[in-house]
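The values are calculated or read from the model by the stated rules, or taken from the named source; none is laboratory data. Here the structure is a predicted model, which means the values were calculated and not measured. Backbone-built Cβ (ideal geometry, glycine too); neighbour counts: all protein chains shown. Accessible surface is based on the protein model in full, side chains and every heavy atom, while ligands, DNA and RNA are left aside. Shrake-Rupley method; radii C 1.70, N 1.55, O 1.52, S 1.80 Å.
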Amino acid sequence: QVQLVESGGGLVQPGGSLRLSCVASGRTFSVHDIAWFRQAPGKEREFVATISKSGHSTWYASSVQGRFTISRDNAKNTVYLQLNSLAPGDTAVYYCNLDPNWGGTTWYPGASWGPGTQVTVSS
């Protein structure tokens with residue numbers, strides 16, 4: 001069973017950058033698609049980005065397209081999310097998720113979550 005742990009969150013000023021990491025345990029990491037979701041206070045959890053098993057395909061929510069970049073290093077069992085040009089609206093707890101599902105218009109989460117990492121964008 002694969003377990004996920006996120007890190008790299010923090011407090012950053014508007015326009016700043018962060019890089020989040022999601023480290024997975026287990027020897028089958030490379031056979032799983034991985035997604036990032038986020039949940040802002042008082043809002044539902046929303047899709048941010050997905051990366052395929054090989055890392056060759058990526059998908060992004062329109063709200064982060066061009067600002068965030070998802071990548072992975074299967075040798076290190078790690079998925080990254082580079083967050084650039086951050087705005088207060090990006091403030092949320094960011095979660096990585098195992099085996100998300102494509103629903104035709106967006107990605108829906110799979111069963112396994114990490115505990116999340118807090119990103120706060122504020123001056």
Check: With every protein chain present, what is the per residue accessible area of the stretch 1-115 (1.4 Å probe, Å²)?
Finding: 51 Å²
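For the stretch 1-71, with all protein chains present and a 1.4 Å probe, just round the carbon and sulfur fraction of the accessible area to a whole percent. Don't jump to the answer; show the numbers that get you there.
Working: 1850 of 3910 Å².
C and S fraction of accessible area: 47 percent.
Which value, in nm² and rounded to one decimal, describes the direction-averaged projected area of the C-alpha convex hull of the chain? Before the final figure, lay out each step's value.
Values: hull surface 28.0 nm².
Projected area, direction-averaged: 7.0 nm².
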Note to self: Show me, for the stretch 3-8, the HN-Hα J-couplings you get by feeding each phi into the Karplus relation (A = 6.51, B = -1.76, C = 1.60, θ = phi - 60°), rounded to Hz, glycine and proline as x.
What the structure shows: 10, 10, 9, 8, 7, x
Next item on the list: List the trypsin sites (Lys or Arg not before Pro) within the stretch 20-56 that fall in a DSSP loop (any state other than H, G, I, E or B) and whose Cβ has at most 13 other Cβ atoms within 10 Å.
Entry: Arg27, Lys43
Next item on the list: For Ala87 and Asp99, calculate 0.36 nm times their separation in residues minus their Cα-Cα distance, and state this gained length in nm to one decimal.
Entry: 1.5 nm
